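Where a number appears in this text, it was derived from the coordinates with a stated rule and is not lab data. What you see is a predicted model, and the numbers here were worked out from it, not measured in a lab. Counting neighbours? That spans all protein chains shown, and the Cβs are built from the backbone with ideal geometry, glycine included.
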Amino acid sequence: MKKILGSLLWCIALFGAQYTVVPDKTSVSLKEPIHLRLRYFTQDKKEIAWIKFEPKPSPAYEVHVLKKRSDDEGYLFDYLIFPLQSKKIEITYLLQLKKAPQQEIQSKILGTGYEQTSPIEGKIYTFEVSPTMINVKDVHADLYGSYTLQLQAQKRKAKAYEPLYVRVRLQGRGYPPEMNDPLAKIEGVQKLQDKPRKKILYKSDGAHVEYIFDYALISKSSFTLPPITLKAYDYHKYYTLQTEPIHFIVTPPSVKPDSSDEPKAIEPSYKALVRFFKLFAIFLGGFVSGAIFLLILYRKFALLFASKEELLSYLALHHPKEYEDLKHQILSGRLWPVKLKVFKISRKDK
């Protein structure tokens, strides 16, 4: 069989067919994987600087590169195609290559690697490739492919406001679904979610998928986690994925809040402390203001008299009923500096 296939490919190359386009199927359902193999035949690979053979971008399908390699017959390209529109779609191709003399290529490449020291001078060839027509069946589902769904809980009993950990796992093969939060919202339950972990590996039979969603559920009372239901299509028939509901028992705290045997609230003590600091600030402000006033008044009079006796005489004569506190401070000797230089200022009443 291999010898017959090899002879066939040799004949195709000999009679001028330089490429082949081989999809594994041409009638599919929406988002069903198509393994597409493109081959370019050549005997002068040493004169090819680079080659492109790929499906052109289109909103009608999605393209993923599987493998690119060269062999004795030329170049082989494997792609995975997902049709995204339910109609007859057309896959078009770009086939280009750049040829240059073998000596030119070797002189511009270091060693056996692909580090190019300068642009390779050559000629670019573009080939017309016949498009591939694909018939796509219209289907509607949450998932496309063969999948399994699991809903797991670490424990089902907890105290009020203690987290309950839940994991949702989706595994299968087909088209990668757009899914970020499969768990429904539950009234009275706070749902905390970690960043979803998604693994997608593209192979010839489709995308191999594993999604993991981790949650922490917090509640003050018992609740039931409803089942997750997803409608799926395995490219032959519809089926339903559904998890079992999970009931969580949440026990209230043993001591009710605001009960009589609990310590008193700190709010009254706090208010009393605030009131004390307010009163202290008022008292301190009055004391400092009075001291500053006495000091200013003392300086005013001290600059006019040579001694405290002269100052006291002046106050007693002209202000018999005023400045009693100042008089007392001067008599006690607390306000009159010993080495104060006093300027003689004439006054009408002196």
Check: R0 = 30 Å: FRET efficiency of K56 with R197, Cβ-based, nearest 0.05?
Finding: 0.35
Next item on the list: Post the alpha-carbon centroid distance, region 75-92 to region 179-252, in whole angstrom.
Entry: 31 Å
Item checked: Placed amide H near Y235: partners under 5 Å, 5+ positions off or other chain -> G145
Margin query: Counting C-alpha atoms alone, how compact is region 143-251: give Rg to one decimal and Dmax as a whole number, in angstrom.
Written below: 15.5, 52
Item checked: Nonlocal amide H pairs with K56, under 5 Å, H built at 1.01 Å -> T92, Y93, L94
Check: Using modelled backbone amide H atoms (1.01 Å from N, in-plane), which distant-in-sequence or interchain residues come within less than 5 Å of Y202's amide H?
Finding: H208
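Around L164, under 15 Å between beta carbons, what's the net of Lys plus Arg minus Asp minus Glu among the other residues?
On the way: positive: K155, R156, K157, K159, R167, K191, K220; negative: E162, D194, D214.
Neighbourhood net charge equals +4.
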Check: What order, most packed first, do the peptides 245-251, 186-192 have when packing is the mean number of other Cβ atoms within 10 Å of each residue?
Finding: 245-251, 186-192
Next item on the list: Using the Karplus curve 6.51 cos²θ - 1.76 cosθ + 1.60 with θ = phi - 60°, work out ³J(HN,Hα) for each residue of region 19-31 in order, rounded to whole Hz, and write x for Gly and Pro.
Entry: 8, 9, 10, 10, x, 6, 6, 10, 10, 9, 9, 4, 6
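Taking 22 Å as R0, compute the FRET efficiency from the Cβ-Cβ separation of D181 and T224 and round it to 0.05.
Values: r = 19 Å, r/R0 = 0.85.
Efficiency at R0 = 22 Å is approximately 0.70.
Within a 10 angstrom radius of the beta carbon, how do E62, E178 rank from fewest other beta carbons to most? All intermediate terms of the calculation are to be shown ahead of the outcome.
Working: E62 17, E178 6.
Going from sparsest to densest Cβ surroundings: E178, E62.
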